[in-house]
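A short reminder: the numbers here are calculations on the coordinates, not readings from a lab. Note that this is a predicted model, so its numbers are computed, not measured. FYI the Cβ positions are ideal-geometry reconstructions off the backbone, even for glycines, and counts take in every protein chain you see.
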Amino acid sequence: MVKCKNCEQEWPANAILKRYITLDIGMDCPHCGKTQYLSKEYRKRSIMATLLIPLLILIPAFFDVSFLTIAITFMAAFIAITFVHVFTLELACEEETWRNSPYG
């Protein structure tokens, strides 16, 4: 589960889902009130998972597969991407940008 980096308390499921669907940069911890941000490591993982979608779109171009197979593949990918986004969420106490580190 997701833990606040400041107070080490686990976030409730509804707060995790709210973090997942909000467009805000930071979100206040439901326990201590400190603003938490998505960690750089988490954002790297989520980008890699999301890049799976364009690859799946290319499947019909290279393989002769049925619509049912494509639909099942997309549903499985959606579930996997949702799992990566929601259940591997990592927080940071301060906003970590790509420019904070000279090594990426």
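Once you keep just the Cα pairs under 8 angstrom separated by 6 or more residues, what percentage relative contact order results for the chain? Walk me through the numbers on the way to the answer.
Values: 103 pairs, mean separation 41.4, N = 104.
Reported relative contact order: 40 percent.
In this Cβ point-charge picture (+1 for Lys and Arg, -1 for Asp and Glu), the chain has a dipole of about 80 debye about its Cα centre. Taking the charge dipole of segment 13-92 about its Cα centre, with +1 at Lys and Arg Cβ atoms and -1 at Asp and Glu Cβ atoms, the residue from L52, A15, F78 reaching farthest to the positive side is A15. Loop sites by DSSP among the chymotrypsin sites (Phe, Trp or Tyr not before Pro) of the chain, restricted to those with at most 10 other Cβ atoms within 10 angstrom, leave 1-62 as the longest stretch without any of them.
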